[in-house]
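Below you'll find the structure, written out as structure tokens, and then a few comments.
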Amino acid sequence: MCTMIVENVTIDGSGKGSKGWFNLKKANVSFDHPFNAQFDHSLNIDFVNDDLGIEHRVAVELSRDSAQKLIEAISTALARGDEQLGPT
Amino acid sequence: MWNDWQTDSYEGQTSELVKIKGYQDDEINAYVARPNGTGPYPGVVLLHHMPGWDEFCRETARRFADHGYIVICPNLYERFGHGTPVDVAAKARGEGGVSDESVVADAKASLDYLKGLSNCTGKVAVLGHCSGGRHSYLAACRVTGFSAIIDYWGGNVIMPSDRITEKQPVSPIEYTKDLSCPILGIFGNDDQNPPPDQVDQHEEELKKHGKSYEFHRYEGAGHGFWYYDRPAYRQEQTMDSWGKTFEFLSKHLS
């Protein structure tokens, strides 16, 4: 199914791709065909830096259930960090 | 048809990259697979699927060439840059896909390329899988000169208004009245896009406008059931629909 569902978000951080670490500038979050995961469709996140070229990409393709768990894990980890350190 | 040749007949084909002038006169790459011989051979414009201008498409092109067709498969993602097919397709996906306008122009340029070959009969089909099925339908409605179209499980042929975007500004079903050639549709009944009720709606629209069509719906198959690298692959339905494909092309490109 070609949903063409995509959300783009500007981010700041680092990712490790096939050529080592690089600065991340954007995350493309889609719900569409995966390229590798064995699902019909999946929650896909491409962490990219368009300035560095098309091969600078860190990719994940997750089942819907996995993606939901990841959201919860991120939220929990952020909340615990805020609790210990205060919002940064 | 499968295994339908004589063991003492000459066999040979060439496949290579060529450059054509596509949308907005951009030079784009296209993969061409053609039988070696003087022909004349009918042609096929193969529009690649959402996962990109990839190995499946190249192998599919060569298979059609094996069966006596000159095939051109343009890189519809050319403007997103170059890299591995997956990296390029990911870039396209991240930007909301390729615009319909760009695809239709690249399909027209591909048609013109084939019609300009001295060993092409000038009878050309347009076909594609997944988004390539949708794009093929758009091309067959908006470009004159195709003799047949095959839509393999093209999703979003029927688009509700909330799915319309700048790049996909018109639901392809709206162009049905302009369809200029017979259509073969191959679908899996377990598909979610297009689901069976949308295939029915599409059929009704074709009937309403008096178009020549042939739809085949397969039980036990979902989206992308030809993809031998995916769990969606269904051997029996794939082989049957390859047969339907060659029967249809033989009928309309002769």
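The values are calculated or read from the model by the stated rules, or taken from the named source; none is laboratory data. All values derive from a computational prediction rather than experimental measurement. For neighbour counting, all protein chains shown are included, and Cβ atoms are generated from backbone atoms with ideal geometry for every residue, glycine included. Ligands, DNA and RNA are excluded from the accessible area calculation, which covers all protein heavy atoms including side chains. Shrake-Rupley method; radii C 1.70, N 1.55, O 1.52, S 1.80 Å.
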Only residues in the stretch B:18-38 that are polar (S, T, N, Q) count as the first member; pair them with residues that are open to solvent by less than 100 Å² (accessible area, probe 1.4 Å) and assigned to a strand (DSSP E or B), Cβ under 8 angstrom, at least 6 apart or cross-chain, and list the lot.
-> B:29/B:17; B:29/B:18; B:29/B:74; B:36/B:13; B:36/B:14
Considering the stretch B:165-188 alone, what residues qualify as being open to solvent by 10 Å² or more (accessible area, probe 1.4 Å) and in a strand (DSSP E or B)?
-> none
Taking the stretch A:12-25 as the search range and keeping residues that are of a type outside the set (Phe, Trp, Tyr) and open to solvent by 50 Å² or more (accessible area, probe 1.4 Å), which one is modelled with the lowest pLDDT?
-> A:19
So how many residues does the stretch B:59-84 have that are over 24 Å from residue B:96 (Cα atoms), open to solvent by 10 Å² or more (accessible area, probe 1.4 Å) and touching a residue at least 40 places away in the same chain (Cβ under 8 Å)?
-> 4
Of the residues in the stretch B:152-204 that are within 14 Å of another protein chain (Cβ to nearest Cβ) and of a type in the set (A, V, I, L, M, F, W, C), the one that is nearest to residue B:135 (Cα to Cα) is B:157
Residue list for the stretch B:112-147, restricted to those being open to solvent by less than 10 Å² (accessible area, probe 1.4 Å), more than 10 Å from the chain's Cα centre (by Cα) and of a type in the set (Lys, Arg) | none
Residue check for residue B:52: surrounded by fewer than 24 Cβ atoms within 10 Å (Cβ to Cβ), within 14 Å of chain A (Cβ to nearest Cβ), out of contact with any strand residue (DSSP E or B) (no Cβ under 6 Å at 6 or more places or on another chain) and at positive phi | no
Among residues belonging to the stretch A:35-85 that are within 13 Å of another protein chain (Cβ to nearest Cβ) and of a type in the set (Asp, Glu), point out the one that is surrounded by the fewest Cβ atoms within 10 Å (Cβ to Cβ).
-> A:51
